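Everything on this sheet refers to the single structure shown next.
The values are calculated or read from the model by the stated rules, or taken from the named source; none is laboratory data. Note that the structure is a prediction, hence the values are computed from the model and not measured. In this analysis, Cβ positions are derived from the backbone assuming ideal geometry, glycine residues included, and neighbour counts consider all displayed protein chains. Calculation scope for accessible area: heavy atoms of the full protein, side chains included, ligands and nucleic acids excluded. Shrake-Rupley method; radii C 1.70, N 1.55, O 1.52, S 1.80 Å.
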Amino acid sequence: MAEPSPPPSNAGLRILLSKERPPPSPPSTAASTVSSHADRGRIIGVFRSALSRTEPPETFALPTVQEAIKPQKETVLVLEENQSLENALRTLLQELASSAVQSGKKIMQYGNSLDSGESNCLITRLLDIVLYLCERGHVEGGMVFQLLEDLTEMSTIKDCKDIFGYIESQQDVLGKQELFGRGKLVMLRTCNQLLRRLSKANDVVFCGRIIMFLAHFFPLSERSALNIKGVFNTSNITKYEKDAMDGISVDFNFYKTLWSLQEHFSNPALTSTNPAKWQKFSSNLAVVLSTFEAQPLSDDDGKLNNLDQEEDAAFNIKYLTSSKLMGLELKDPSFRRHILVQCLIFFDYLKAPGKNDKEGPTGGMKEEIKSCEERVKKLLEVIPPKGKEFLKSIEHILEREKNWVWWKRDGCPAFEKTPFEKKSGHAGGRKRKPRWRLGNKELSQLWKWAEQNPNVLTDPDQVRMPSITEYWKPLAEDMDPSAGIEEEYHHKSNRFSDYGIEGVVPSELLPPEVNAKFSSKPAEKVKRLKREDSKGASAQPKEPQVAATPETDGGGSGGDPEEGAVPMDSDNGAAEDGQKRSPEEVSGPESGQCEPETDADDNMKTETTSRDARAGEK
């Protein structure tokens, strides 16, 4: 019986499929890896040769990149090209730092000759080249920040001080908008790592340099540098002795009371919300203030600790808490000021603006805060040296701090204001009435026209004011009877009255008749008026005047004065007519000559009477 055949196997199938497969990929991967290493070595070689050049980076930086990368675009690298260049430069920087350590030189001085400065430092030259390429946009903007981070991580604290000096010197370039947006997080991480490595007691100056750089490098509204929630550093614990030691002359209870205040200063929020803690704090503070008041400091104590005489002295940020030093610290003005200023800061937090009634202190707590604050300020005034000046400075600082408190409570709005962009009005919307600079459109255009034409007043072709003769010529033509211009079309009807023209129009423009009428003397004017009156009276009968003849005797001579009085009556009537005239009709000069005209009339009357008397004698 034949054995059953085994089930078909897939091995033959797999073999057949494997024969049809393309060549395996591992050899190609290895080839690409070798190629990438070769490219990296070539890039490093190109930049090493470029570091030996003494020209400014802008003369050879871009050609060096083009030679090393051979980019798809002439001036800008794509993502993969940027990554390849960054990896190569980080490798080159690491090799240069290792060579500097092996040579025993500082990193930022490696490559300098004995008679040259830092301009020949290889690492500095490399950073300058990359910074120029980042600034011009030829490479990715965050590349230089990445190199600086690598350099600080592989350097000692002493070398980091020199590296940070280079960062401070290039602060303006690194802070430009095209670089700041790509590298601000890397720079923040670099500075924070440096701060963690530094000692807060021994590297105080270097820590201050880093903090000041961050304050200038980042804008004020940068939220990464703000304590938005107002969290306190509760890890800052002040350790002091809990049990009294033998041979201590200082009151140990006071020692514990004094240093226990630091627990409340480190977390004011917990003290203000817990009534039991507040009572403990207020009682301990009262004991400390009473001790300071009972042991005032003299001027000699202030001179021994005068900070102005110790310019190079270094001061720690925390005081020692040994009970053996308690007696000396109580005589130290700086120590007392340190405690009292902490009290003012604590009170200022409790009275911070913007707090709700629930969060703020209660009525009894407010009174205690006010009384303790007054005692603290009085103690600061009497602490030598210059106690009053010191208190004024602290009060000024705390007053300004309120502005920052308000700003943080409002959500830290940005200080930089974007320029206002005028938006076009919506279709069919109500148009806003334009506002003119000088109140209306005409004055604004006139003012703008005067600014654009500063020489308009001295321009010989400008429109000038006409002469008197030219200006009054139309009015003189109206007054000429031969012109035949009707009264209603005269120019004087618009601007002048009948008697206002006299003395205004030049005499040479008037016709002879009109000129004689207006330019005659006052006496002639009176005679002209008399002639006009006589013409009007000629139409009436004159019989009473004809009856007086020379044939009459004494009666005739007696009637002469009566007849001679007729002209006087006519003159009086003329004078009365003159008095009835309106003030506008009688001009100033004529009114001033009234008395001479009256004398002339009297003379005329006297001559007429004497002539009639001689005729009677004959």
Would you rank 124, 234 by solvent-accessible area, highest first, keeping every protein chain in place and using a 1.4 Å probe? 234, 124
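Quote the FRET efficiency, to the nearest 0.05, computed for residue 226 versus residue 169 with a Förster distance R0 of 35 Å and r equal to the Cβ-Cβ distance. If you can, show how the numbers build up before the last one.
Working: r = 27 Å, r/R0 = 0.78.
Efficiency, from the Cβ-Cβ distance: 0.80.
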Using a 1.4 Å probe and ignoring any ligands, DNA or RNA, find the accessible area of residue 485 and quote it in Å² to the nearest 10. 70
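How far, in nm, would the chain grow between residue 488 and residue 83 when pulled straight, counting 0.36 nm per residue and subtracting the alpha carbon separation? Could you put the intermediate results ahead of the total?
On the way: separation 405, 0.36 × 405 = 145.80 nm, distance 9.76 nm.
So the extension gain works out to 136.0 nm.
For the full complex of protein chains and a 1.4 angstrom probe, list 251, 478, 301 by accessible area with the highest value first. Show your work: numbers first, answer last.
Details: 251 90, 478 10, 301 40 Å².
Of 251, 478, 301, the descending order of accessible area is 251, 301, 478.
Pairs of alpha-carbon atoms within less than 8 angstrom and 6+ residues apart define the contacts here; what relative contact order does the range 35-225 have, in percent? Don't skip to the end; give the middle numbers.
Details: 147 pairs, mean separation 33.2, N = 191.
Reported as a whole number, the value is 17 percent.
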What list of whole percents do you get for P(r) of the range 125-239, with Cα-Cα distances grouped in 5 Å bins up to the one holding the largest distance? 2, 10, 20, 23, 19, 13, 8, 3, 2, 1, 0, 0
If I ignore ligands, DNA and RNA and count only protein heavy atoms, how much of residue 336 is accessible to a 1.4 Å probe, in Å² to the nearest 10? 10
Among 169, 104, 71 the positive-end extreme of the charge dipole of the range 35-225 (Cβ point charges): 104
For the range 171-274 the trypsin sites (Lys or Arg not before Pro) that pass both the DSSP coil test and the at-most-16 other-Cβ-within-10 Å test are 176, 200, 229, 239, 242
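Please give the net charge around residue 195, taking every other residue with its beta carbon less than 15 angstrom from that of residue 195, where Lys and Arg add +1 and Asp and Glu add -1. Before the final figure, lay out the partial values.
Numbers: positive: 161, 189, 196, 197, 200, 209; negative: 149, 153, 203.
Net of charged neighbours comes to +3.
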Given a 1.4 Å probe and every protein chain left where it sits, what share in percent of the accessible area of the range 35-225 is carbon and sulfur? 50
How would 93, 320, 226 line up by accessible area, probe 1.4 Å, largest first? 320, 226, 93
Considering only protein heavy atoms, what is the solvent-accessible area of residue 216 at a probe of 1.4 Å, reported in Å² to the nearest 10? 130
Inter-site label distance for residue 192 and residue 459 at 7 Å from Cα along Cβ, in nm: 6.7
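Does the range 35-225 classify as rounded, prolate or oblate by the C-alpha gyration tensor (a ≥ b ≥ c root eigenvalues; a/c under 1.5 gives rounded; else a/b over b/c gives prolate, otherwise oblate)? Please list the in-between numbers first.
Numbers: a/c = 1.88, a/b = 1.29, b/c = 1.45.
It is oblate, given that a/c is not under 1.5 and a/b is not larger than b/c.
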Ranked from highest to lowest mean number of other Cβ atoms within 10 Å per residue, what is the order of the peptides 140-148, 76-84? 140-148, 76-84
What is the magnitude of the charge dipole of the range 35-225 about its Cα centre, with +1 placed on the Cβ of each Lys and Arg, -1 on the Cβ of each Asp and Glu, and no other charges, expressed in debye to the nearest 20? 520
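In square nanometres, what is one fourth of the surface area of the convex hull spanned by the alpha carbons of the range 177-241? Don't jump to the answer; show the numbers that get you there.
Numbers: hull surface 24.1 nm².
Mean projected area for the range 177-241: 6.0 nm², to one decimal.
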